[in-house]
Structures are given as structure tokens and as C-alpha cells.
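The values are calculated or read from the model by the stated rules, or taken from the named source; none is laboratory data. Small disclaimer: the values here were computed from a predicted structure and weren't measured. Neighbour counts run over all protein chains shown; Cβ positions are idealised from the backbone, glycine included.
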Amino acid sequence: MKVGLEKLENHEGIIVRALLDSGVTGLFTDTTFTREKRLKMEKLKKPLLVRNVNGTVNAGGAITHQVECNMFFKGHVERARMDVCNLGKTEVILGMLWLAVYNPEIDWEKGEVEIMRCPPICGKRKQEEKRKEIKKVERDKDKETLKKLVPKRFWRWEKVFRKKKSEKMPV
């Protein structure tokens, strides 16, 4: 699946191929890809030992760096920290941390991934909540204005005095 990554320092966007992998715990990006795209790497205080599925130590060695960026997928956005390691031809792996947070619906036949339950960390959810809050403030403001302008005896017909209704011509 394709996801967008945004560099924090200059907001440059990159489209990447990401692999969903429930057998992996975290989020990972490939070392070569990270260097080619000049993603800012932060050195870890303590290296993380990487083991393969069969228990052997990964030939790429320990994880020594992380990348922090914004990650976009179908309108959803989050600040992501990815461990940098040797992934071969795979650019990004989204493991159980991502899968558990977003709990996506996957259509294996069509190869489609949809996010139906937006978590609190998601920027899309925050934007929708902000939009709802703005609409509520506007409604409250309209109600206050209406009560100032319209005599109390007409308040039961407040709908006809609202901005949208008052701008329409009666038929």
C-alpha cells in the first residue's frame, strides 16, 4: 500500500510503498531508502538488537537510529517514529503498533486497506472534532444574535429567522 511521509524540517512529501506485517512489532524504514531520501535520522541512546523470525540475529545489525515524520494514509495523519534498519527492497513496514492503533479493514481479494475507526492520535479525527466545535460556536453565536434581534414573542419560530432560512425567498 502507498503512504505519504512528510519531513518535519521542511515539509517535503514522499510517497512510499509500505508493507503491513502483523508479525512485526513496530514501524520500520529501510536504511538505504532513509539515506537516499535524506530523512533526518536521530541516534538512539542504546542500540536495539534485531532478531529474525527464526531467532537468529539480523545480518543488518542492531538498530541505531530512528526517523520521526508525519505519515499520511487516505486522509489520516499521525506523527510516526520509525526504526531504521535493513529491509531490502521494502521501504517501510507498518507492524502491530500501527495495526493495533488503526485496526484497519483489509480486503485481501482486492488488496485494499480502509480505516473505519479513527484513533484519537489521528490528525483527521482532530480536524473533524475542531470543525464540529467551530460549527457549535457558530450555532451558539447565531442563537445569541437571533435573541438580540428578534422579539421574544417570535422565538418559537426561530427557524425562519436563521441565516439560511431568511436568505431564501418564500415559494
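Please find, within the range 73-90, the residue that is farthest from F33 (Cα to Cα) out of those that are of a type outside the set (A, V, I, L, M) and outside any loop (DSSP other than H, G, I, E, B).
Out of the qualifying residues, it is H76.
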Just a yes or no: is a residue in the range 50-62 touching a residue at least 24 places away in the same chain (Cβ under 8 Å) and basic (K, R)? no
I'm checking my understanding of the structure. Among residues of the range 105-121 that are modelled with pLDDT of 90 or more and closer than 29 Å to R51 by Cβ, which one is surrounded by the fewest Cβ atoms within 10 Å (Cβ to Cβ)? I106
Subset tally (residues that are buried (at least 18 other Cβ atoms within 10 Å of the Cβ) and modelled with pLDDT of 90 or more) for the range 83-97: 8
Look through the range 1-31, keep the residues that are closer than 23 Å to G111 by Cβ and small (G, A, S), and return whichever of them is modelled with the lowest pLDDT. G23
